[in-house]
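Take a look at the structure set out below.
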Protein chains: 2
Amino acid sequence: MGAKIIHYSKIPINTFGPEAPGTSLRVLISDKQDGAPVYNLRMIEIESCGYTPKHQHDWEHENFVVEGHGQVFIKDTWYDLGPGSVVFVPPGVLHQYKNTGEQPLKFLCGIPTEKILSNRG
Amino acid sequence: MGAKIIHYSKIPINTFGPEAPGTSLRVLISDKQDGAPVYNLRMIEIESCGYTPKHQHDWEHENFVVEGHGQVFIKDTWYDLGPGSVVFVPPGVLHQYKNTGEQPLKFLCGIPTEKILSNRG
């Protein structure tokens, strides 16, 4: 397991399907690529007017907004987001992200590694 | 375990002692405060000319640089850092951060939760 130093923009970007219009993701650090022990760090980018599906799953999110403006829906409420916003979405809670600005909304999203998730069952 | 939405600047800041001149830290998300399952997200802020000690420990770091310019020493080499830099420091590897710019260097630093670290022994 070696060290890694890279600018996020040099990491390949993957777009989602129609369930998440205008949304793409870069895997910055992961167990598969880097041997990360507990969590995978991803950068999610949502274009103006784009959004993620309203969904829930058994794992948590730890977010930090790097650029742009948007909103996150958690459980039953929308909250405003801007640069510097921190969000913790606990496991099993309904959530959705959307871009409400004119510039891309970019935020970090940490989730447990695949190994930890497979051990959670 | 509830959701959390907050701007990082509203989270209390703690300064380090003389081993890390000009360096302070905010705990953004943690197991103790928020019930985070696998990792604690912190924001480290280093003033111009400040630095952290050159040290190593049994846990990893996952970093993302939010503002400012600096360098990170890993194993035996210094690497340049700027906004958008991603760094993975594996467990047990010697490392140090320093601010080489005129503005504060601010970067996210994720580490395993206290619970996970205590289970690692």
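Of note:
- As a proxy for reagent exposure, A:TYR79, A:TYR97 were ordered by neighbouring Cβ count within 10 angstrom, fewest first; the result is A:TYR79, A:TYR97.
- Phi to ³J(HN,Hα) by Karplus 6.51 cos²θ - 1.76 cosθ + 1.60 over region B:92-101, Hz, x for Gly, Pro: x, 9, 4, 7, 7, 10, 9, 8, 10, x
- Cut-off 13 Å between beta-carbons: net charge of the residues surrounding A:GLY84, Lys and Arg +1, Asp and Glu -1: 0
- Per-q log10 I(q)/I(0), chain A, q = 0.11, 0.15, 0.16, 0.17 Å⁻¹ (Debye; single scatterer per alpha-carbon; no solvent): -0.36, -0.68, -0.78, -0.88
- Charge sum, other residues only, whose C-beta stays under 15 Å from A:TYR8's C-beta, Lys/Arg counted +1 and Asp/Glu -1: -1
- P(r) of the protein assembly as shown over all Cα-Cα pairs, binned every 5 Å from zero, in whole percent: 1, 7, 14, 19, 21, 18, 12, 7, 3, 0, 0
- Count of Lys pairs (Cα-Cα under 16 Å; at least 8 positions apart or interchain) in chain A: 7
- Nearest-first distances (nm) between copies at A:LYS75, label 7 Å from Cα via Cβ: 4.6
- Two-site label geometry, A:GLU67 and B:HIS7: point separation in nm, points 7 Å out along Cα→Cβ: 2.1 nm
- Footprinting exposure proxy ranking of A:PHE16, B:PHE64, fewest other C-beta atoms within 10 angstrom first, gives A:PHE16, B:PHE64.
- Using a 7 Å Cα-to-Cβ projection, B:ASN14 label spacings across copies, nm, ascending: 3.7
- Between identical copies, the spacing of B:GLN103 label points, each set 7 Å from Cα toward the C-beta atom, reads 1.2 nm from nearest to farthest.
- CD proxy at 222 nm, helix term only [per DSSP H run n ≥ 4: -39500 (n - 2.57); per residue of the protein assembly as shown; nearest 500]: -2000 deg cm²/dmol
- Max mean-square fluctuation residue, GNM over chain B, Cα-Cα springs under 10 Å, options B:ILE44, B:ILE11, B:ILE29: B:ILE11
- Evaluated with a Cβ-only charge set (Lys, Arg +1; Asp, Glu -1), region B:12-118 carries a dipole of roughly 80 debye about its Cα centre, given to the nearest 20.
- In plain terms, the chain from B:LYS54 to B:TRP78 could stretch by 7.5 nm, reckoned as 0.36 nm per residue minus the Cα-Cα distance.
- FRET efficiency, 1/(1 + (r/R0)^6) with R0 51 Å, evaluated for B:VAL27 and A:PHE16 via beta carbons: 0.95
Just so you know, all these numbers are worked out from the coordinates, no wet-lab data involved. Values in this document were obtained by computation on a predicted structure and should not be read as measured data. Glycine also receives a Cβ, built like all others from the backbone with ideal geometry; neighbour counts cover every protein chain displayed.
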